[in-house]
Each structure stands twice: as C-alpha cells, then as structure tokens.
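Any read-out appearing in this document is the output of simple, stated calculations on the displayed coordinates, not a laboratory observation. Remember, predicted model here, so these are calculated numbers, not experimental data. Reconstructed Cβ throughout: ideal geometry from the backbone, glycine too, with neighbour counts over all protein chains shown.
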Amino acid sequence: MVDYLPEDAPSTNAMEVMDQEFEGSTQNVRVMLQDVTIQEGLEYKEQLASIDGVSDVMWLDDAIDVKTPIEIADPETVETYYKDNNALITLSIREGDEVEITNDIYEVIGEKNAMSGEALNTATSQTMAGKESMYAAALLVPIIIIILVISTNSWIEPVFFLTAIGVSVLINLGTNIFIGEVSFVTQSVAPILQLAVSLDYAIFLLHSFSDYRERVSDPKEAMQLAMKKSFPAIAASASTTFFGFIALTFMKFEIGSDLGVNLVKGIVLSFISVMIFLPALTLCFYKWMDKTKHQPIIPKFKNAGKRIIKLRIPSLFIVLIIIVPAFLAQNNTNFIYGIGEQPDSTRAGSDLIKIEETFGKSTPVVLLVPKGDPAKEEVLVQDLEKLNDVASVLAYVNTVSPVIPSEYLDQSVTDQFYSENYSRIIIYGKTDTEGDKAFTLVENVNRLAKEYYDDASYTLGESVTLYDIKHTVEKDNTVVNLLTVIAIAIVLLLTFRSLTIPIVLLLTIQSAVWINLAVPYFTNSSLVFVGYLIISTVQLAATVDYAILLMEGYKENRQKMPALQAIKQTINEKFFSIAVSASILSSVGFILWITSTNPVVSSIGLLLGRGALLAFVMVICFLPAMLLVFDKVINKTTWNANYYKET
C-alpha cells in the first residue's frame, strides 16, 4: 500500500532512505515453528535465510547468546522469540515477488507451521484477485442474463447487451498495458463495476429501438430515432458517472486514482460501444430479435404509482428524521486503513490466529537515527523500552554493547544495525498493525526520536505506513466528495436547465449514501476506509442515473398533466427500468462481497449492494414526494419548464 502514498509522505521518504542505506527492508513476515528445539530453530533460520528474496532474518540468537543456557537470560526477551518450544522468526520479503517467496517459505516450513504478516497479506490478495474476479464473473453473468431476460421481450436481446458492454470491458482491461500496472483492488472491482454501471446505456438504447420498431417499418430509421431519443439520457447518465470517477483521480492516496482512471476509461469505452458498436450489431441481427420474441414474463406495474404515492408523507417523515443522525454516524464510523486481516477460512487467517495465541500481537516499527553517538542511542533505546505496548527493542547498543566499536565485529553482525550514515533500531510493539494503540505507539516513537535527533530520524513499518495512509485519506475524503457533488450538480444543471432539480436529485441520492455508510456505525462494525471513500463517490455517481431517469419522465409527463397524476404515471412507466438497473448493480455488489476474501474488495461489494437498494428505495419513494412538495419552486426555477396549468 505504501506504493500509493504521495511522494512527500514520511513513509515514502523513510523507505527511500532505508533502501539506500540498508540491504534489507522492514520485517514484514513472522514465521512460527511449532515444537522445535533451539538447534532446530537455528537450522530453520538458515534455510529461510537461503531463500532468494528473503533478508533480515532475525531470531533469538540475534537478541541473546544462545550458546549459554537460556534460563539465565531475560525471560521477557526469550519469550518474544521462543516460547513453549515454539520459535518465532521475523524476516523481510523482497517487494514485488511476494507470491513466489511466500510459496517458497511454505515449502520450507510445511503444513504444521504458520506464517503471517504484511507481505503474506499482499501475496494472498494478489493470488486471489484474478481467481475471484473470474469466480465473481461466473456467478454474475448468469444472474444478469436472468434479470435481462425477465426485463425484455426477446431471448437474444440480453446477449446484445452483454456483448456491447463486454467488448468495452475487454478493451479497457487490455489498455491497462499502457499504464504498466494496476492495483489488485482495481483488478478485482473495475471490470465488474464497469459492466454494472454502463449496462443501463445499452438497455436505454435497445428499449427505445423496440418502441420505435412498433411505429416505424424500416429498422434503420427506427435505430436512428432510437439513438436520437435515448442519446440525452445516455449522455447524462454517462457524464454523471464519468465525472464522479474523475473525482477519484484527485485522491492523493493513489489507489483511488488508479481505480478512477480505469473506470473513467471504462465509461468512455462503454459509451462509444453503445452508441457505435451496438446499433451496428443490432441492425445486423435484428431478425434474430424478431424470431426469439416471447411474452412479457413480468406484467407491467400499472398501479405501482398509485400505491407508492400513498407513502409520500411517511417517506418524507422517515428520511427527515434519520438523515441528520445518518450524516453524523457515517463520519464517526470506526475505520480500517489497510488491507485488513484475511478471513479465518484462509490459511493466512488461520495462521495468524495460531501465532497470536502463542506469541500475542507483534508489529515491528523501524527507527533510523544518525550514526555516531552510541551513548545517546543507548538512552533512546532505554526510553523506547519504557513505552506502553512495547514488547522489546533490538539495537546494537542493547544487543551487542555500546562500548564495543562496530569495526571490531564481523560485518554480518553490524550490517543488521549500522549503515554508512544510520543506526537501525527495531521496536516490537504488542499491538495490532493499526488502531488507536498502534498509532499512539507510532506517535510516541516519533516524539522520542525528535527529542534526541530533531528531524534527522526516519520511522517506517506497516503501522507507520497505515498511520500515513490515515492522514492522507482523511484529507482525500473532503476533496473527493466535494468534487463529486459539484461535478454531478453541474451535469444535472446543464441536463435539466434548472437550479432546483440538481439539489432535489442530489439530496435524494446523497441521503441514500449517508444511510448506507452509517450502517457500520450503528452495527458497531469497522469499515475499510478505501472502500468507504470509493463507495461514497461510486454510489452517488452510479445511482444518480435512477433519479435522472425518473426526473426526465416526470418532466415530460408534467407538461401534459397535473403534478400528482404526472408522478403516478412516471412511476408506472419507470419503476421497472429503475428496478432492473438497481437489481443488476446490487447483484454485482453482493456477489463481490460473497466471493472476495480481500477485505477491501469485500467491503466495497457490501456497500455497493446495499447502496444500490437504498438508492432504488429513495428514488421510488422519497424523490416523488420531494417533486410534489417543490413542484411550484421547480416550475419557477427551471428554464422552459412549460408545466401543465389546470384551467
């Protein structure tokens, strides 16, 4: 995740200094060997150190002299590395080759021993990203086909929808080669999300084509009329989604930018595919549509408007009551800033439990301080050892001796602690990798280092990276949400040429977003912040289409009839189309949630699935009530509204 931090982030600078000064990196893996002697532990350590890509292998022999009886050593130090005949070895894995190296480690330690750590989480996420995307697609495509078959009058029409969007998804994936690399979050989420949010464009066009086929005998003329009729709705829908995803590219934490660029490409390609490729495909094979026609499977919702409009007062009342608590709650949810822990069902998850049951939690924090003053270093190490939640500190001054010059010792000993310019101190914290305790420890280490060395020290490690991510994404949150709302408001303003319609539509969808993101607070569950940030943009950008579709229908009907009659008619006409779109997006979300073992992808899926359903309910129940309440205001603030006037 550190790759996606800004270049000026403290973690990024610290990593550059570490790479320049030391051969190894931050220790990012713990290996537990069960039921081994000291000698067997040393043999395992040698085997692990011999694996290509493994460095900084540390164990008990680096903290004490194992040639003397361990009974006379400090018990707390010993139990950090060796407890109940179990050995805990820490090591560093080369960045970029996590999958291959962790597989090699598993071969050495076998099934009964355990491994955990940041590098293993990365390897697991990378391995599962491709497999789970295919698994999710295998589940999703049949569900989408069933939804589309139900919603159309031709057995072959869903194939046209999926072909047009599928082609654009494949082209989008292929163009990633020009970017060079994409994150595992993007690889897992972007293709399926592109399919879900842009399928509406194809549905709008082919539904319009089917309508004109009934009025016009020439298929080419019917398609021309359909393209002209559906273009404004498709363009507005694509524009809101496009600018919503553009907002993600302004994130300083570049995983958002990575996903945003991919989705922006995807929306443009989907729009081009629907407006150019789909009409050509349809005109070539429209006879197949005629031959495979079937009776509507679901009857039209003729009385939906009449029934739903009866709920307008309760809808207004309920939303107005919960909107403020929801807004406050979604800002106070407990957040996770990293990838999160792997599920217990995976080996990585079960191994972590085994290690923590024996040795407890341990998170290494590496401190680099200027070399050359062993006395000052010794005092600093003593102060570090006194900090809350510190299990042990490993440094030259307390492992070897501050009075023995490093020049007299073997280079293999001194290289662990000294480079040309820096001394390396490793603090082992008894905390999770993130959370209040972990971040307090990082702050305390930084405070002490500053007291002794001003700004000349560097701190790094998983907790430090997550601490920087936390402060980066908190700023991103305000910027991205503001940009999304402003961009979508401008699109709506230009689409409807109204001052109040954008406010009404945005309030409807934004309320659904707040309610969605408030659920984790009220259920006392943590939320992955990257998921929160992405979904607060994606849900707004993707589901505002429902509000646009309803509003366009209402505006057209309102020019012919009174407000109450117009809204009933609009709900009757648009209910089914909005339900189809929402069910597809919701299915995408829930399938990502069910199939992904990656906590970031899984949380995005759950939020997306729930968000699509909430947006559907808000557009069908709350938006009609708002349109009736503000009917006169909308009429006065909309250019050429031409609302029907009762005589």
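Remarks
- Hull shadow area, averaged, the chain [alpha-carbon convex hull, nm²]: 32.4
- Backbone geometry of the range 205-219 corresponds, through the Karplus equation with coefficients 6.51, -1.76 and 1.60 at θ = phi - 60°, to 3J(HN,Hα) couplings of 5, 6, 5, 5, 4, 4, 5, 6, 4, 6, 9, 10, 7, 7, x Hz, x marking Gly and Pro.
- In order along the range 4-16, the Karplus-derived 3J(HN,Hα) couplings, from 6.51 cos²θ - 1.76 cosθ + 1.60 at θ = phi - 60°, round to 9, 6, x, 5, 8, 5, x, 4, 5, 5, 5, 5, 5 Hz, and Gly and Pro are given as x.
- A Förster radius of 35 Å, combined with the Cβ-Cβ distance separating VAL149 from THR175, puts the computed FRET efficiency at roughly 0.65.
- Listed values for the range 356-373 are Karplus-derived 3J(HN,Hα) couplings in whole Hz (6.51 cos²θ - 1.76 cosθ + 1.60, θ = phi - 60°), namely 5, 5, 8, 10, x, 7, 8, 10, x, 10, 9, 10, 9, 10, x, 7, x, 10, and x replaces Gly and Pro.
- Label point 7 Å beyond Cα of SER526 along Cβ direction - residues of the range 349-379 with amide nitrogen under 18 Å: 349-357, 360-365
- Between VAL390 and LYS430, the built amide H atoms are under 5 Å apart, and every one of these is 5 or more places off in sequence or on another chain.
- Environment charge of LEU199, counting only residues whose C-beta is closer than 15 Å and scoring Lys/Arg +1, Asp/Glu -1: -3
- Amide H contacts of SER419: ARG424, each under 5 Å away and 5 or more positions distant or on a separate chain (H built 1.01 Å from N in the peptide plane; Pro and chain starts excluded).
- Multiplying the residue separation of GLN126 and ASP218 by 0.36 nm and subtracting their alpha-carbon distance yields 28.0 nm.
- At R0 = 22 Å, FRET efficiency that the Cβ-Cβ distance of ASN332 and LEU482 yields, to 0.05: 0.70
- Cα-based helix-to-principal-axis angle, 157-179 vs the chain, degrees rounded to 10: 40
- Against the chain, whose longest principal axis comes from its Cα atoms, helix 312-330 is set at around 20 degrees.
- Cβ-derived FRET efficiency at R0 25 Å, ALA489 paired with LEU564, nearest 0.05: 0.35
- Rg to Rh, two decimals, where the range 502-647 supplies the alpha carbon set and Rh follows Kirkwood: 1.07
- Helix-only [θ]222 nm of the chain, DSSP H runs n ≥ 4, -39500 (n - 2.57) each, per residue, nearest 500: -22000 deg cm²/dmol
- Shown here: the range 54-96, whose C-alpha atoms stretch 42, 19, 14 Å along the first, second and third principal axes, sorted largest to smallest.
- Here the chain carries DSSP beta bridges of which approximately 95% are antiparallel, counting only pairs with both residues inside.
- The C-alpha atoms of the chain define a longest principal axis, and helix 462-496 lies at about 10 degrees to it.
- Debye intensity ratio I(q)/I(0), log10, the range 437-574, q values 0.09, 0.14, 0.16, 0.18 Å⁻¹ (C-alpha model): -0.47, -0.80, -0.92, -1.04
- From largest to smallest, the equivalent ellipsoid semi-axes obtained for the range 153-290 from the alpha-carbon gyration tensor read 32, 15, 10 Å.
- With 26 Å as the limit on Cα-Cα distance, the pairs of LYS45/LYS437; LYS228/LYS265; LYS45/LYS470; LYS131/LYS287; LYS83/LYS386; LYS310/LYS555 that go past it are LYS45/LYS437; LYS45/LYS470; LYS131/LYS287.
- Given 12 as the ceiling on other Cβ atoms within 10 Å, longest exposed-site-free region of the chain for trypsin sites (Lys or Arg not before Pro) in DSSP loops: 113-299
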